[in-house]
Amino acid sequence: MTIPITLADRVEKLGIETAFVVAAQAAAHAAAGNKVYPFHLGDLNLKTPHNIIEAAYRALQDGKTGYTANAGIPHLREALADDFNRTRGTGYTVDNVAVQPGGKPVIAKFLLTLMNPGDEVLYPNPGFPIYESQIEFHGGIAVPYGTVPGDRNFTFDIEGIEASITERTKLLIVNDLHNPTSAECSPEDRRRIAELAAKYDLTVLLDEAYYDIRYDGESASLISEPGMAERSVILYTFSKRFAMTGWRIGAALGPKKIIGVIGKLNVNDESCTNHFVQYAALEALTGHQGEVLNILKVLRERRDLCVDLLNDIEGVFCYRPNATFYLYPEVTAAMTNKGFDNYQDFLAAVLENTGVSMCARAHFGPPLPGETKQYVRLAYSGINLDSIKEGLVKLKNYLES
Ligand code: PLP
């Protein structure tokens with residue numbers, strides 16, 4: 001006998017990270033004996049630096065295997081506060097930091113702490129799909145804003161942000177150094193967003209997952225703008241910077257009142273982040289940085305090769321972004337040349353004919369009104385130079401045939 005189970009209404013609102021669906025299709029193609037070129041998932045095929053692995057091993061041997069304080073071990077919270085105070089000019093102490101099992105949990109905890117049902121939350125679209133999923137799952141109203149192509153890179157539609165603000169708008173999510181477009185705020189953009197936040201009294205989630213994946217110059221943070229530290233929570237993660245995606249460690253940093261509630265949510269959800277992993281994270285922040293710098297060197301070489309090869313394909317145009325490990329080339333003409341009018345058929349045909357597996361605009365939210373151009377997203381974090389070359393040459397041959 002099957003017992004009918006009635007799920008909560010909110011479950012209907014729960015989305016997924018659609019790149020994992022593309023990953024499943026790529027895996028099926030590979031299982032059928034085909035070569036796959038994995039450009040779909042923002043994971044790294046680079047090893048976590050040795051000194052970080054050794055710190056975890058030492059911590060395990062030293063018995064760092066029990067629960068910790070819900071907000072994390074004080075040394076790690078202190079190291080995170082110091083890192084932010086040094087790089088972003090904040091005045092954080094340990095009380096401004098709550099360690100998390102990854103960066104992703106910060107999204108739900110930020111919303112649970114600050115959003116009432118019916119509140120409107122501005123979020124980037126295209127963007128990391130979990131924002132929209134979590135806003136709607138927890139009873140908020142997800143209001144998208146877009147990115148716009150500029151001279152040398154995408155940037156954010158700040159007019160669009162202001163035009164979408166209503167009296168019900170409570171929160172703003174910004175992912176400066178953006179997945180999937182690699183969009184980046186200019187100093188002027190940062191000033192304008194900070195002004196908007198103050199003018200409309202918005203509390204802001206700053207998702208800085210890619211802050212340290214930068215190839216030239218230095219990243220700058222919205223948190224350094226006047227008034228922003230008082231009204232913003234940072235999503236910090238060790239995942240990308242230190243090639244630690246599977247370790248599951250990150251942090252929320254922000255005003256004490258908010259971080260105190262996030263600490264209580266830790267107690268209610270996971271009790272604490274893995275004890276010994278926190279010692280690995282401490283080594284990542286404070287230990288030798290040689291292998292960390294090498295990760296950036298490898299990623300930079302991959303970026304340059306990908307951008308050169310993509311721009312060599314008829315009907316494809318790609319910026320050379322200075323940060324993240326994503327490329328978001330426009331493929332409108334290439335799709336038209338091959339007779340495709342939808343992403344699903346296009347991606348399936350590309351996978352079938354070339355083995356190249358990638359995501360498309362549609363994986364990062366529903367299209368906004370007036371959108372006419374078509375884009376795909378390639379992540380170069382999980383694929384070596386040889387395979388990049390082989391895969392993108394096959395892509396060129398297919399798209400130009
Ligand atoms: N934010 C953005 C924009 C991301 O792209 C990701 C991961 O891909 C995350 C947050 C979460 O990363 P993690 O949970 O591994 O720290």
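This table checks each residue for (1) away from the ligand (no atom under 16 Å from the Cβ); (2) touching a His at 6+ places or on another chain (Cβ under 7 Å); (3) of a type outside the set (A, V, I, L, M); (4) at pLDDT 95 or above.
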| residue | (1), (2), (3), (4) |
| --- | --- |
| 157 | yes, no, yes, yes |
| 168 | yes, no, yes, yes |
| 175 | no, no, yes, yes |
| 180 | no, no, yes, yes |
| 216 | yes, no, yes, no |
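A count restricted to the stretch 319-362 and to residues that are of a type in the set (A, V, I, L, M, F, W, C), more than 23 Å from the chain's Cα centre (by Cα) and surrounded by fewer than 18 Cβ atoms within 10 Å (Cβ to Cβ) stands at 3.
Checked against the criterion of being crowded, with 20+ Cβ neighbours inside 10 Å, in contact (Cβ under 8 Å) with a residue 12 or more places away in the chain and within 14 Å of the ligand (Cβ to nearest atom), the stretch 138-147 has at least one qualifying residue. Evaluate the stretch 111-119: report whether one residue or more is within 16 Å of the ligand (Cβ to nearest atom), farther than 22 Å from residue 227 by Cβ and modelled with pLDDT of 95 or more. Within the stretch 111-119, none of the residues are within 16 Å of the ligand (Cβ to nearest atom), farther than 22 Å from residue 227 by Cβ and modelled with pLDDT of 95 or more. Just the residues that are modelled with pLDDT of 95 or more and either under 12 Å from residue 127 (Cα atoms) or among the hydroxyl-bearing types (Ser, Thr, Tyr) (or both), please, taken from the stretch 369-386. Across the stretch 369-386, the qualifying residues are 375, 377, 380, 381.
Note on the stretch 224-254: residues that are within 16 Å of the ligand (Cβ to nearest atom) and not in a loop (DSSP other than H, G, I, E, B) total 13.
Residues that are within 16 Å of the ligand (Cβ to nearest atom) and either outside any helix (DSSP H, G or I) or free of Cβ contacts under 8 Å to residues at least 24 places away in the same chain (or both) within the stretch 41-83 comprise 41, 42, 43, 44, 45, 46, 48, 72, listed in sequence order.
For the stretch 255-280, which positions are within 16 Å of the ligand (Cβ to nearest atom) and touching a strand residue (DSSP E or B) at 6+ places or on another chain (Cβ under 8 Å)? Correct list: 262, 266, 273, 278. Among the candidates 328, 319, 343, which residue alone is outside the structural domain of residue 230 (by TED's automatic domain parsing) and closer than 29 Å to residue 108 by Cα? Every option except 328 fails the conditions. Of all residues in the stretch 1-51, which are among the hydroxyl-bearing types (Ser, Thr, Tyr) and touching a Gly at 6+ places or on another chain (Cβ under 8 Å)? Of everything in the stretch 1-51, just one residue is among the hydroxyl-bearing types (Ser, Thr, Tyr) and touching a Gly at 6+ places or on another chain (Cβ under 8 Å), namely 37.
For the structure I just gave you, tell me whether residue 206 is in the same structural domain as residue 178 (by TED's automatic domain parsing), under 17 Å from residue 113 (Cα atoms) and at pLDDT 95 or above. Yes; evaluated as a whole, the condition is true for this residue.
The values are calculated or read from the model by the stated rules, or taken from the named source; none is laboratory data. Keep in mind that what you see is a predicted model, and the values were worked out from it rather than measured. As a convention, Cβ positions derive from the backbone with ideal geometry for all residues, glycine included, and neighbour counts pool all protein chains shown.
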